[in-house]
Each structure stands twice: as C-alpha cells, then as structure tokens.
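Structure first, commentary second.
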Amino acid sequence: MNQAMVSSSMETYLAQIKDEEIIWIGDRAFVIMPATETDIERIGKGYFVMD
C-alpha cells in the first residue's frame, strides 16, 4: 500500500473542509471535498493515492 506523506498543516486544513474547496497549485485549480462512503468503495477499496 502506498500512502502519500501529508504535512500536518495540510492534514489539518483538509480535515476542516465541510463541503468543497477550490485550491490553486500553480496555474491549475483543484476541487477538494471529503469522500463519501460510495467514493471510498469506488476508489481502490478504501485507499486513495494522489500523485
């Protein structure tokens, strides 16, 4: 299992998201939102890897 390393400040930020958030990294926008139970089942049997 691969697990992304997330800084504690980013982990705190992500844990506080209630609905969805748009973040910019460079010139690209990303929509970040908490996963639902259905999302988790759909994405690799409970593991989400972002690379």
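The values are calculated or read from the model by the stated rules, or taken from the named source; none is laboratory data. Owing to the predicted nature of the structure, the values given are computational and were not obtained by experimental measurement. Ligands, DNA and RNA are excluded from the accessible area calculation, which covers all protein heavy atoms including side chains. Shrake-Rupley method; radii C 1.70, N 1.55, O 1.52, S 1.80 Å.
Being open to solvent by 100 Å² or more (accessible area, probe 1.4 Å), at pLDDT 75 or above and polar (S, T, N, Q) holds for only one residue in GLN3, GLN16, and it is GLN16.
Which is open to solvent by 100 Å² or more (accessible area, probe 1.4 Å) and modelled with pLDDT of 85 or more, of ILE25, ILE32?
On the way: ILE32 fails: open to solvent by 100 Å² or more (accessible area, probe 1.4 Å).
Result of the check over ILE25, ILE32: ILE25.
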